[in-house]
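Written out below as structure tokens is the structure these notes cover.
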Amino acid sequence: MKTQIILLLLLFISCFQRENLDYPTEISRIKEVVLERPDQKSHGKFAEVRKLNSDEIAQLLDILKNAKPLGLKKFKIDYYIVFSTENGTRRIMVTNNQIKGYDNDYTYQIKKVKFLSDFESKASQ
């Protein structure tokens, strides 16, 4: 009986893991999405900001929906994905093809796409 309860609990938890990312899942609720790269030398200002177009936003939502959980992990942030909605902003931290929510260390792996790879590669130039 204890084993069944534990398995049921694990199943329940695994079904709601993506809520750790805390991003708007409906494109109609999104005002804009920007990629922001922090500048370590300016103490909080952003070295680069890029606004995504509607096609890129739709592609990003699909990528986030299909993210594969990796577990708890710390990493150095390369840039942020910032969603602006009527209810405020939501941030996702990104490095390479790994992301995590702003309020925790639960990490996901996402598919590589050109507009994210291009933004990431500009930091190394």
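Any chance you could count how many residues in the stretch 72-125 are more than 14 Å from the chain's Cα centre (by Cα) and part of a strand (DSSP E or B)?
So the count comes out to 3.
Given the residues Thr85, Thr95, which is the only one that is surrounded by 11 or more Cβ atoms within 10 Å (Cβ to Cβ), closer than 20 Å to Ser121 by Cβ, among the β-branched types (Val, Ile, Thr) and in contact (Cβ under 8 Å) with a residue 12 or more places away in the chain?
Unique residue meeting the criteria: Thr95.
For the condition modelled with pLDDT of 85 or more, open to solvent by less than 80 Å² (accessible area, probe 1.4 Å) and part of a loop (DSSP other than H, G, I, E, B), what is the one hit in Pro24, Pro69?
Pro24
The values are calculated or read from the model by the stated rules, or taken from the named source; none is laboratory data. None of these values were measured; they are calculated from a predicted model. Using ideal geometry, Cβ is built from the backbone for each residue, glycine included, and neighbour counts are taken over all protein chains shown. Surface accessibility is based on the protein's heavy atoms, side chains included, excluding ligands, DNA and RNA. Shrake-Rupley method; radii C 1.70, N 1.55, O 1.52, S 1.80 Å.
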